[in-house]
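Participant: The structure that follows is given in the form of structure tokens.
The values are calculated or read from the model by the stated rules, or taken from the named source; none is laboratory data. Predicted model only: the values in this text are computed from it and were never measured. Quick reminder, even Gly has a Cβ in these numbers, built from the backbone with ideal geometry, and neighbours come from all protein chains shown. Just so you know, the surface numbers come from the protein's heavy atoms only, side chains and all, with ligands and any DNA or RNA stripped out. Shrake-Rupley method; radii C 1.70, N 1.55, O 1.52, S 1.80 Å.
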Amino acid sequence: MKHFCRETSRLFSDGFERELTLLERLRVRLHLWMCNPCSNYVFNLKLLDRMFRDLRKHADERAPCLSAKDKQHILDAVQRKTQAE
Amino acid sequence: MGESTNIEEWLDDHGDYLYRYALFRLSDAETARDIVQETLIAAWKAGENFRGDSSPRTWLVGIMKHKIIDHVRKEIRRRDLNDAAESDPTSHWFNADGSWVDAPRAWADNPETLIEQSRFREALRDCIGRLPEKQRSAFSMRELAGEDSDTVCNDLDITPTNLHVMMHRARLALRSCLDIHWFGGSRAS
């Protein structure tokens, strides 16, 4: 028996990148109606999409910064380079 | 040592911003730091060309963009040679009949508030960091930096179809990684 989980997961992912055709949207919806694992997959991806939106919104307050050690490492390397030239 | 002072100022004033800019597009802390370093060196070398038409930050980001694109394109070309032998990029996740090898399950644990936890964000970054280089860059540019598909295709010099395949594979791998390392799935990816 042929399963459409592979195609459905690909189409659902494509839906984040481009507008799906009506036929593609219907195929996804019909398959999700019958398939629990794919419904879970879609639910998981929708959650991740919301998380990434939230991350981007709060990027400045939550994003990592250069550590003091990293800054020193960069300064040392840059100074070695500038002095050599 | 006037030039070095300039570099120190750039690093103090814009270092964190540049680091995040690179990190959101590369998802690799060490490479992001190296790109900041290369950007400052390139800026120092090109210092005479900075005429003050734009802010120093805009100028530095402009230099950094090229550094990032060069780095990623180089990696993609290098990895493409290794990936050529792989005939079916999703065979790891699906059986020959098209069904899932490991059926995805619902995530519990109040997921809507997870992103506010720094430990979860670390796990998420770690899982993105485990993606193969070209998937990681494409995925990071789209989802962390929020670039649109056209920009990512142009920057990485790939077709939309290539991008869609990369994003599909990255989503499969990322979901699985989080399932195993955060939500308690039992099987290794």
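Participant: Residues in the range A:15-36 that are open to solvent by less than 30 Å² (accessible area, probe 1.4 Å) and not charged (D, E, K, R): how many? Steps first, please.
Facilitator: Let us first name the residues in the range A:15-36 that are open to solvent by less than 30 Å² (accessible area, probe 1.4 Å), namely A:17, A:20, A:28, A:31, A:35.
Next cut, not charged (D, E, K, R) only: A:20, A:28, A:31, A:35.
Total meeting the criteria: 4.
Participant: From the residues in the range A:60-72 that are assigned to a helix (DSSP H, G or I) and more than 7 Å from chain B (Cβ to nearest Cβ), which one is farthest from the chain's Cα centre (by Cα)? Please lay out each step first, then the result.
Facilitator: Within the range A:60-72, the first condition is being assigned to a helix (DSSP H, G or I), and the residues that meet it are A:60-62, A:68-72.
Filter again for more than 7 Å from chain B (Cβ to nearest Cβ), leaving A:60-61, A:68-69, A:72.
Working: A:Asp60: 18, A:Glu61: 20, A:Ala68: 30, A:Lys69: 30, A:Gln72: 32 Å.
Here the residue is A:Gln72.
Participant: Of all the residues that make up the range B:179-189, how many are free of Cβ contacts under 8 Å to residues at least 12 places away in the same chain and either in a helix (DSSP H, G or I) or surrounded by 20 or more Cβ atoms within 10 Å (Cβ to Cβ) (or both)? Outline the logic, then answer.
Facilitator: Kept after step one, since they are free of Cβ contacts under 8 Å to residues at least 12 places away in the same chain, are these residues of the range B:179-189: B:180, B:184, B:186, B:188.
After this cut, where a residue has to be either in a helix (DSSP H, G or I) or surrounded by 20 or more Cβ atoms within 10 Å (Cβ to Cβ) (or both) as well, the list is B:180.
Residues flagged as free of Cβ contacts under 8 Å to residues at least 12 places away in the same chain and either in a helix (DSSP H, G or I) or surrounded by 20 or more Cβ atoms within 10 Å (Cβ to Cβ) (or both) within the range B:179-189 amount to 1.
Participant: Do any helices (runs of 4 or more DSSP H) lying entirely in the range B:50-165 carry at least 1 residues that are over 30 Å from B:Ile7 (Cα atoms), at pLDDT 90 or above and within 21 Å of the chain's Cα centre (by Cα), and which ones are they? So that I can check it myself, show each step before the final result.
Facilitator: Values: elements: B:56-83, B:118-129, B:133-139, B:149-156.
It comes to B:118-129, B:133-139, B:149-156.
Conditions (1) of a type outside the set (A, V, I, L, M, F, W, C); (2) open to solvent by 20 Å² or more (accessible area, probe 1.4 Å); (3) in contact with a Lys or Arg (Cβ under 7 Å, 6 or more places away or on another chain), marked per residue:
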residue	(1), (2), (3)
B:Ala138	no, no, no
B:Met141	no, no, yes
B:Cys153	no, no, no
B:Asp157	yes, yes, yes
B:Asn162	yes, yes, no
B:Val165	no, yes, no
B:Ala170	no, no, no
B:Leu174	no, no, no
B:Cys177	no, no, yes
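Participant: Any chance the range A:73-80 includes a residue that's more than 7 Å from chain B (Cβ to nearest Cβ) and either over 27 Å from B:Ala29 (Cα atoms) or open to solvent by 100 Å² or more (accessible area, probe 1.4 Å) (or both)?
Facilitator: Yes, that holds for at least one residue.
Participant: Listed residues A:Ser39, A:Ser9; which is in contact with a helix residue (DSSP H, G or I) (Cβ under 7 Å, 6 or more places away or on another chain), of a type in the set (Gly, Ala, Ser) and surrounded by fewer than 19 Cβ atoms within 10 Å (Cβ to Cβ)?
Facilitator: The unique qualifying residue is A:Ser39.
Participant: For the range B:90-132, enumerate the residues that are among the β-branched types (Val, Ile, Thr), more than 9 Å from every other protein chain (Cβ to nearest Cβ) and farther than 19 Å from A:Cys35 by Cβ. Break it down into steps so the answer makes sense when it comes.
Facilitator: First, pick out the residues of the range B:90-132 that are among the β-branched types (Val, Ile, Thr): B:90, B:101, B:113, B:115, B:128.
This time we only want the ones that are more than 9 Å from every other protein chain (Cβ to nearest Cβ), so: B:101, B:113, B:128.
Hits for the range B:90-132 are B:Thr113, B:Ile128.
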